[in-house]
Amino acid sequence: MADISHIYYKENFKDKALTLAEKYSLKLSSLAAKQPYLYISENPFIKFKDKEIINSFRSGSFSHRIKNFQRESLLKKAIGYGGESSQKILDCTAGLGHDAFILALLGQYVTFVEKNKGLCILFELALESLPQTSYFHEAKERITIINDDSASFVDKLFDYDVVYIDPMFKDRGTAGRSGVMSLISDYLDDFTDVSDILIGSKFNRMVIKRQKQFKQTGNVSPSFILSGKSINFHVFI
């Protein structure tokens, strides 16, 4: 799996770059480093193969999801959303944190787990870029970011009300998910489906986002499947 080793920064972002470099044990560079690297400025991005991964919560398609988060009916059904009640959700392979943030806006307490340092940092910076309103502050306070392999939680799943998994696939484009998700697939290059490891452990409820054409194998079958336009949610209880 590809990951950054350096943070390259615009001069007036040196303090932020230094803080993140220390937190994630990365090297600092005032000059463009060997790709992949993270560039920190007003508009941060991961640079790899001369491509850029940007994670904006203020513009683009995800900003539309944020404005309409209460319309996430399929996601609500998948996690067993109960209106005002809050659940503890473990978001495995959390990526850019889009689903994690929607879940937090829905009042859930989310543990965001992602082993790729670059993606963790882009998520942190995206949260920081949001308007300073109580509305967003409360959602951010419900999120815990952990840079680790989700497989290390295999014996801790029962501590959460919901285990949420969005596996990455090399053929993700066939699921109708393009743009930044295709870039991430190309960036990570090789990855395994952590649900193969976690599904055999003890849990209360597990939700796995799947491609429409995905066929379940093995001895564990979903309790039910929620079908969307381009993806399905396989729910195990």
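Listed by Cβ neighbour count within 10 Å, with the fewest neighbours leading, 163, 113 appear as 113, 163. Helices meeting the span-like rule in the chain (full DSSP H runs, Cα extent of at least 15 Å along the helix axis, mean Kyte-Doolittle score of 0.5 or higher): 117-128. Pairs from the list 27/115; 51/215; 156/212; 16/209; 156/209; 16/156 with a Cα-Cα gap above 27 Å: 51/215; 156/212; 16/209; 16/156.
Amide H to amide H distances under 5 Å link residue 37 with 47, where only residues 5 or more positions off or on other chains count and H is placed in the peptide plane.
At a Förster radius of 22 Å, what calculated FRET efficiency corresponds to the Cβ-Cβ distance of residue 132 and residue 41, to the nearest 0.05? Each step should come with its number before you reach the end.
Details: r = 20 Å, r/R0 = 0.90.
E(calc), rounded to 0.05, equals 0.65.
Ordering 207, 154 by the number of other Cβ atoms within 10 Å of each residue's own Cβ, fewest first, gives 154, 207. Full extension of the segment from residue 71 to residue 32, taken as 0.36 nm per residue of separation minus the current Cα-Cα distance, would add 9.9 nm.
Exposed loop sites here are GluC sites (Glu not before Pro) assigned a DSSP state other than H, G, I, E or B and surrounded by at most 13 other beta carbons within 10 Å; excluding them, the longest clear run of the chain is 85-237.
Nearest 5 percent is fine: what portion of the DSSP beta bridges confined to the chain is antiparallel? Write out the running numbers ahead of the final one.
Details: 16 of 37 bridges.
Taking every DSSP beta bridge with both residues in the chain, the antiparallel ones total about 45 percent.
For the chain, a Gaussian network of Cα nodes joined below 10 Å ranks 212, 27, 67 by mean-square fluctuation, and the top entry is 67.
Taking amide H as placed 1.01 Å from N in the peptide plane, residue 156 has no amide H partner under 5 Å among residues 5 or more places away or on another chain.
Report, for segment 6-53, the % of DSSP beta bridges that are antiparallel, rounded to 5. List each step's numbers first, then the result.
On the way: 6 of 12 bridges.
Taking every DSSP beta bridge with both residues in segment 6-53, the antiparallel ones total about 50 percent.
Couplings 3J(HN,Hα) for segment 58-73, derived from phi with the Karplus relation 6.51 cos²θ - 1.76 cosθ + 1.60 (θ = phi - 60°), are 10, 8, x, 5, 6, 4, 5, 4, 4, 5, 10, 4, 6, 8, 6, 5 Hz, where x marks Gly and Pro.
Assuming a viscosity of 1.002 mPa s and a temperature of 20 °C, what translational diffusion coefficient in µm² per second does Stokes-Einstein assign to segment 6-53, Rh being the Kirkwood radius over Cα pairs? All intermediate terms of the calculation are to be shown ahead of the outcome.
Numbers: Rh = 10.5 Å.
Using the Kirkwood radius from Cα pairs, D works out to 204 µm²/s.
Which ordering of 105, 130, 90 is given by a fewest-first count of other beta-carbon atoms within 10 Å? If you can, show how the numbers build up before the last one.
Values: 105 20, 130 17, 90 25.
In order of increasing Cβ crowding within 10 Å: 130, 105, 90.
Computed over the chain with a Gaussian network model linking Cα atoms closer than 10 Å, the most mobile of 204, 219, 12 is 219. In this structure, residue 63 and residue 12 have a Cβ-Cβ separation that, at R0 = 22 Å, corresponds to a calculated FRET efficiency of about 0.30.
The GNM of the chain, with springs linking C-alpha atoms under 10 angstrom apart, assigns the highest mean-square fluctuation among 21, 104, 126 to 21. Which FRET efficiency value, to the nearest 0.05, do you get for residue 182 and residue 84 by plugging their Cβ-Cβ distance into 1/(1 + (r/R0)^6) with R0 = 41 Å? Here the calculated transfer efficiency is 0.65.
Computed from label points 7 Å out along Cα-Cβ, the spacing between residue 140 and residue 50 is 3.6 nm.
Rule-based calculations on the coordinates, nothing more; no lab input. On a predicted model such as this, the values are computed, not experimentally measured, just so you know. Cβ atoms come from the backbone with ideal geometry, glycine included; neighbour counts cover every protein chain shown.
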